[in-house]
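The structure under discussion appears below in the form of structure tokens.
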Amino acid sequence: MASPREDQLAQGVWPALRRRGVSRREFLKFCSVMAGALALPHTYADRIVQALEAATRPAVVWLEFQDCAGNTESALRASHPSITDMILDLLSWNYHETIMAPAGTAAEKSLQDTIAQQKGQYLAIVEGSIPLADGGVYCTIGGRTAIDIAQETCGNALATIAVGTCAAFGGIPAAAGGITGAVSIGQAVPGLKLINLSACPMNGANLAATIVHYLTFKELPATDNLGRPLFAHGDRIHDNCPRRAHYDAGQFVQEWGDQGHQLGWCLYKMGCKGPATNYNCPRVQWNDGTNWPIGVGHGCVGCAQPQFWDAMTPFYRQLPTVPGFGVEVTAQDVGIGVAAAVGALTVGHAVVAGVRNARTARATNQATAASGNATIAVPTNETQTTEGQS
Ligand code: SF4
């Protein structure tokens with residue numbers, strides 16, 4: 001007969017993965033990828049392996065309020081085997097409206113049973129914002145308002161993970177003109193032990209890494225002043241962007257499909273919000289690491305930042321100038337103000353890069369003339385300054 005310890009291990013993460021057909025090689029690779037996602041030294045992969053072999057799966061309840069289910073899709077849609085497949089096995093899924101088999105009162109009983117029987121031990125994952133206007137009538141589930149459910153469920157949880165910008169910051173439902181009084185889970189239920197995995201949607205790899213961090217180190221990862229994990233939001237996209245050298249050289253796409261676009265130049269003038277956005281998109285990427293928006297030629301839309309959408313639209317317009325911020329100011333330091341600072345930042349760059357631009361333009365035009373192609377309109381110092389201030 002198995003000992004209690006053996007019974008516990010049988011319920012653990014690794015046995016669950018094995019039962020779903022995950023090979024030992026895939027498991028070790030997953031642990032290595034998680035160490036990378038957490039920005040840990042490679043040697044930490046062994047520690048993650050040991051932790052996940054012994055860890056029991058925490059129960060999770062996933063609440064959906066004012067949302068599009070995009071974060072659910074991001075977490076669960078993937079090819080096999082993948083990081084997001086692993087998420088299913090890292091957790092014991094007690095309640096998730098979109099994927100659970102029970103419906104109606106049976107489904108709500110699963111939630112109530114978890115709250116009653118595992119008080120202070122389960123993870124609450126919240127997707128979507130919470131409407132507070134008019135008594136919360138704009139989002140009700142099973143006859144209860146979202147705020148009522150959130151207060152009870154998150155208030156009794158071990159910790160709450162807000163997935164997506166709607167749950168983390170209010171998102172699109174909280175944009176100007178909204179009538180529902182939408183707020184984030186942190187605003188709706190103050191005082192929670194909370195981590196914000198913002199972005200629209202959040203990357204499933206970051207959810208897996210957050211859970212792996214908790215299972216390995218028995219605590220949630222360190223966060224920035226917006227409650228976002230530093231491993232995912234510690235750096236600006238602009239600082240890790242493969243097009244950054246073109247920004248520094250003053251080489252900008254001027255028009256969709258122009259030669260600069262074909263050559264992979266910087267998308268700042270096409271409205272890229274990468275300089276104002278803290279996220280690990282360049283490192284983790286999407287669709288099992290296949291690519292990411294800037295990688296396929298579209299600017300960053302700043303979806304991981306507070307006040308997305310209002311502060312980051314129009315998506316294709318260069319951000320306005322707000323003088324006073326330097327090139328190394330981060331989005332989290334100045335909030336949305338830095339988005340506007342990008343214009344000023346580029347003005348400064350234009351001055352520094354002006355001489356280089358002229359040389360680059362001459363060299364490029366000579367090269368393209370020699371090859372018989374049309375010349376590329378490389379911005380001069382003067383035009384960059386004008387556009388940067390527009
Ligand atoms: S502005 Fe956008 S495309 Fe250009 S370097 Fe920065 S993040 Fe990359």
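Annotations for the structure displayed:
- Failed item in (1) under 23 Å from Glu219 (Cα atoms); (2) over 27 Å from the mean Cα position of the chain (by Cα), with Thr105 passing the rest: (1)
- Taking segment 223-300 as the region of interest, the helices (runs of 4 or more DSSP H) fully inside it that hold 1 or more residues being under 17 Å from the mean Cα position of the chain (by Cα) and within 30 Å of Ala159 (Cα to Cα) are 230-233, 237-240, 281-284.
- Ser92 being modelled with pLDDT of 95 or more and small (Gly, Ala, Ser): no
- The number of residues in segment 45-58 that are touching a residue at least 60 places away in the same chain (Cβ under 8 Å) and buried (at least 18 other Cβ atoms within 10 Å of the Cβ) comes to 5.
- Failed item in (1) touching a residue at least 60 places away in the same chain (Cβ under 8 Å); (2) of a type in the set (D, E, K, R); (3) within 11 Å of the ligand (Cβ to nearest atom), with Asp258 passing the rest: (3)
- Under the condition of being at pLDDT 95 or above and among the charged types (D, E, K, R), the residues counted in segment 185-219 number 1.
- Put simply, of Ala199, Ala249 the only residue that is within 16 Å of the ligand (Cβ to nearest atom) and not assigned by TED's automatic domain parsing to the domain that holds Gly299 is Ala199.
- Count of segment 121-166 residues, restricted to those that are part of a helix (DSSP H, G or I), touching a Ser or Thr at 6+ places or on another chain (Cβ under 6 Å) and either surrounded by 16 or more Cβ atoms within 10 Å (Cβ to Cβ) or at pLDDT below 95 (or both), is 4.
- Per-region count, segment 271-306, residues over 19 Å from Ala232 (Cβ atoms) and out of contact with any His (no Cβ under 8 Å at 6 or more places or on another chain): 5
- Every residue from segment 277-298 that is within 12 Å of the ligand (Cβ to nearest atom) and without any contact (Cβ under 8 Å) to a residue 24 or more places away in the chain: Trp292, Pro293, Val296
The values are calculated or read from the model by the stated rules, or taken from the named source; none is laboratory data. These numbers come from a predicted model, not from an experiment. Quick reminder, even Gly has a Cβ in these numbers, built from the backbone with ideal geometry, and neighbours come from all protein chains shown.
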